[in-house]
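Note sheet for the following structure.
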Amino acid sequence: MEKRLLLGDEAIALGAIHAGLSGVYAYPGTPSTEITEFIQTNKEAIERGVRSRWCTNEKTAMEAALGMSYCGKRALVCMKHVGMNVCADAFVNSAITGVNGGVVVLAADDPSMHSSQNEQDSRFYGKFAMIPIFEPSNQQEAYDMMSSAFELSERLKEPVLLRVVTRLAHSRAAVEVKKAADQNKLNPATDNAHWVLLPGNARRNYLDLIDKQNDMMKASCESSTNDIITINNSDKGKWIGIVACGIGYNYVREALNGIKDNEDNYMIMKLTQYPMPVEGIKQMAEVCSEILVVEDGQPVVEEEVKKLVDTSYKVEGRLTGRLPRTGELNPDNVSLGLGKENNPLFKPAKNLAGRPPQLCQGCGHRDVYTALGEVVKEYENARVFGDIGCYTLGALPPFKALASCVDMGASITMAKGAADAGLWPAIAVIGDSTFTHSGMTGLLDAVNDNSNVTIIISDNLTTGMTGGQDSAGLNKYEAICLGLGVDPDHVRVVVPLPKNMPEITQILREEINYKGVSVIIPRRECIQVAARHARERAKQNNK
Amino acid sequence: MKKDIILCGVGGQGILSIATIIGEAATEAGIYLKQAEVHGMSQRGGDVQSNLRLSTDPIWSDQIPTGEADVIISMEPMEALRYISYLRHDGIIVTSNKPFVNIPNYPDEAALKSELDTLPNVQLDIEAIAAELKSAKSANMVLLGMAAPYIGILTVEQLRKAVSVIFARKGDAVVEANLRAFDRGVEASKK
């Protein structure tokens, strides 16, 4: 069998292609981006015509995937955890319509917030929608689970959530790969009652979904990757139960490898498919004197296990402090939680300074902030509301420009709300890709209210933060703003370069002083992407 | 046998290429490998690191526990110190001695050097060597060559072969330049 060295994300992508995928729908977001990028450039996927272009946001992605599923084909939706919030309406309702072709929704969570604004746990969304959840513990399982997840989705006629965390998404290991299965044939659904969610239909579908819960539990109990492992060290020792979810299992095994002269015995439930097998937990509680729940993210399983046992029974985990309440699991905090002593360490270094991420030298966003910094100091109450992207780094020194950064699109709407409250000047800074993702609707609100806001769409012709993916609104920004009703005299385009500083600052002043909605579009290609394009052109010319 | 390696530096210095080459050599040798990277926000001039675990037995955790790294391979001296809690007491730091200063509060260079010298380490001006070879982009391969004898679980020859495999699609000239850089690193670590 062929073995390939793959990132967790790449294993998911290849697993999906080999499971007969017909389309991937996604918006870039760390740590999920590499899944779609892999499919976009994979030879097999291209030959098989797998649909893979980036979507405008996670909601359009989820809905398009549902449309493909309606036609009987297999679709994958990929996003980072906060993308689940954006597609939640479509996601939760897809459990009510059910699916025709298999649908797998991939959520990549980011505990410790390496590149995120929160550490929400997508398993809550799976529970909320009442659908099965897969959580691989390693790259091989991530690959293999794609075909099991699509099969289960088609068998139950429900979408399946596959949850990974940053450490699996961005870690490489060898994966044994199989031959690709054929794609499903076009076979559009005919049961309109299931797909038209009028209340009468939805009530019936919801009862169906509740009926399926037993089948989902049965599937979890029979899953080949949900396993019970016992480590019997001594007949004298007590039994300790461990529920180890996803990659938490690896840290448990790593820690137990290192525990020496231990008399304790361990019963480990490796949990990689939900709903959690309840009977197994009850049996574990009968044998073991306590249960430790090891899960990356929020205490989803810990709370469930507590409900299954007497209040006097000891259930430990993130809620009790045996494991840290926040942040990702690692081999150190899990081994401490299991009572292992730390290795002797070198003293922490004295000559050390943080090296925070920065805007690249030569980046157009820098020139935007330089101009903004100069103008803003002329207005006592000026506030600049930020958004999600490279330009969020404008919050850090030397610019320290931003008053807020909350979620995709919130710059425009927060500036609007602040203007409604009487703040002036209320300025928004948003990137091109973030604007089409979730900024356009907010701009329409501002236009309809004739809010006194100045909106800067800092257009670098790409989705920069995640590595330079296509931006959905490329070359359409003026047209979009005009179409939404912004006065043409107040849609201004500038080129953010140091030599244009006098012009940019002048336009900023003019538009701040204009009482209404104005949009300034500083436009210059991301220097990383420009360099990549130059390399690609050179390569073409050499051929 | 098992070797845990921390690779570190500043975004853009070529850390991930080193990881890819060691990964290729490990795959070719048929040993187990796990390699955890940090992507995304940290790439923009920030610190980057990769955890590389090589073993003849299956590996559980993608991350290296503190106090268990056999080698820290660093493109930058201060970045080597950042991960010192991961180093085993009998481990070693292999690092470039040239500071990459892109922050206003970079520590005093003399103090940094003397702290580094209290720890088991090998240092070299890899950028000067790469410049001497007229191949500034290959500084990371000088570093890999320096570190090669300490990796242990893979031979210098296995790593050298992986350098040519990984750069093959960039043409013979690039392969040659990187092999020269690698060889100079190996030589330097013998001194």
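The values are calculated or read from the model by the stated rules, or taken from the named source; none is laboratory data. All of these numbers come straight from a predicted model, not from anything done at the bench. Cβ: placed from backbone, ideal geometry, glycine included. Neighbour counts: every protein chain shown. The accessibility values were calculated without ligands, DNA or RNA, using every heavy atom of the protein model including side chains. Shrake-Rupley method; radii C 1.70, N 1.55, O 1.52, S 1.80 Å.
Structural remarks
- Working from Cα pairs under 8 Å separated by at least six residues, relative contact order for the stretch B:2-190 is 22 percent.
- Mean-position separation - Cα centroids, the stretch A:277-325 and the stretch A:40-87, in angstrom: 36
- Euclidean distance of C-alpha centroids, the stretch B:172-186 and the stretch A:515-538, integer Å: 36
- Relative contact order computed over the stretch A:1-129 (Cα-Cα under 8 Å; 6+ residues apart), in percent: 25
- Summed buried accessible surface, chains A and B, 1.4 Å probe, nearest 100 Å²: 4300
- On Cα atoms only, tilt of A:527-542 relative to the major axis of chain A in degrees: 90
- Beyond 31 Å, the tail of the calculated P(r) for the stretch B:2-190 holds 10 percent of the Cα pairs.
- Amide hydrogen neighbours beyond the local backbone of A:GLU158, cut-off 5 Å, H modeled: A:VAL99
- Over the C-alpha atoms of the stretch A:2-222, the Rg to Rh ratio, Rh being the Kirkwood estimate, stands at 0.95.
- Per-residue accessible area (protein heavy atoms, 1.4 Å probe) orders A:PHE399, B:PHE182 as A:PHE399, B:PHE182, starting from the largest.
- Rounded to 5, percent antiparallel among DSSP beta bridges of the protein assembly as shown: 35
- The residues of the stretch A:364-529 expose on average 39 square angstrom of accessible surface per residue, using a 1.4 Å probe on protein heavy atoms.
- Cβ-based charge dipole, the protein assembly as shown, positive-most Cα from A:ASN214, A:CYS363, A:MET414: A:CYS363
- 3J(HN,Hα) couplings calculated from phi for the stretch A:146-163 with the Karplus curve 6.51 cos²θ - 1.76 cosθ + 1.60 (θ = phi - 60°) are, in sequence order, 4, 6, 5, 5, 5, 4, 5, 4, 6, 5, 7, 6, 9, x, 10, 9, 10, 10 Hz; Gly and Pro show x.
- Computed with a 1.4 Å probe over protein heavy atoms only, the accessible surface of the stretch B:2-190 comes to 38 Å² per residue.
- Carbon and sulfur %, accessible surface of the stretch A:340-475 computed with the full protein complex present, 1.4 Å: 53
- Looking at the stretch A:227-337, the DSSP beta bridges with both ends there are about 25 percent antiparallel.
- Once you reduce the stretch A:119-182 and the stretch B:21-81 to the center of their Cα atoms, the two points are 25 Å from each other.
- Cα-based reach from A:LYS515 at 27 Å (exclusive), listing lysines while leaving out same-chain residues under 8 positions away: A:LYS377, A:LYS400, A:LYS416, A:LYS476
- Dipole of chain B computed with +1 at Lys/Arg Cβ and -1 at Asp/Glu Cβ about the Cα centre; of B:SER85, B:LEU154, B:VAL165, farthest Cα towards the positive end is B:VAL165.
- Helix axis angle, A:248-258 relative to chain A longest principal axis, alpha carbon, degrees: 60
- Summing +1 for each Lys or Arg and -1 for each Asp or Glu among the other residues whose beta-carbon sits under 13 angstrom from that of A:GLY23 gives +4.
- Within the accessible area of the stretch B:2-190 (1.4 Å probe), percent carbon and sulfur: 52
- Long-range amide H partners of A:ALA428 with built H, under 5 Å: A:PHE385, A:THR454, A:ILE455, A:ILE456
- Where A:HIS18, A:HIS114 fall by accessible area, highest first, once all protein chains stay in place (1.4 Å): A:HIS114, A:HIS18
- For peptide B:77-88, the mean count of partner chain Cβ atoms within 10 Å of a residue's Cβ comes to 4.
- Computed over the stretch A:364-529, the quotient of the alpha carbon radius of gyration and 2.2 N^0.38 Å is 0.91.
- Projecting the alpha carbon convex hull of the protein assembly as shown along each direction and taking the average yields 35.0 nm².
- Qualifying GluC sites (Glu not before Pro) in the stretch A:354-456, DSSP loop, other Cβ atoms within 10 Å at most 15: A:GLU378, A:GLU380
- Placed amide H near B:GLY9: partners under 5 Å, 5+ positions off or other chain: B:VAL48, B:MET75
- In this structure the stretch A:227-337 gives 41 Å² per residue of accessible area when probed at 1.4 Å with all protein chains present.
- Contact order normalised by residue count of the stretch A:56-165, Cα under 8 Å, 6+ apart, percent: 30
- Here the stretch A:1-143 is treated with +1 on each Lys and Arg Cβ and -1 on each Asp and Glu Cβ, and its dipole about the Cα centre works out to around 460 debye.
- Rolling a 1.4 Å probe over the protein heavy atoms leaves A:CYS71 with an accessible area of roughly 40 Å².
- Note that the stretch A:227-337, at 37 °C in a medium of 0.692 mPa s, gets a Stokes-Einstein diffusion coefficient of 236 µm²/s from its Kirkwood radius over C-alpha pairs.
- Couplings for the stretch B:180-185, taken from phi via the Karplus curve 6.51 cos²θ - 1.76 cosθ + 1.60 with θ = phi - 60°, read 4, 4, 4, 4, 5, x Hz in order; Gly and Pro are left as x.
- Charged-residue dipole, Cβ positions (Lys, Arg, Asp, Glu), the stretch A:364-529 about Cα centre, Debye nearest 20: 320
- Per-residue ³J(HN,Hα) for the stretch B:117-130, Karplus 6.51 cos²θ - 1.76 cosθ + 1.60, θ = phi - 60°, Hz, x for Gly and Pro: 6, 7, 10, x, 8, 10, 10, 7, 7, 5, 5, 5, 5, 4
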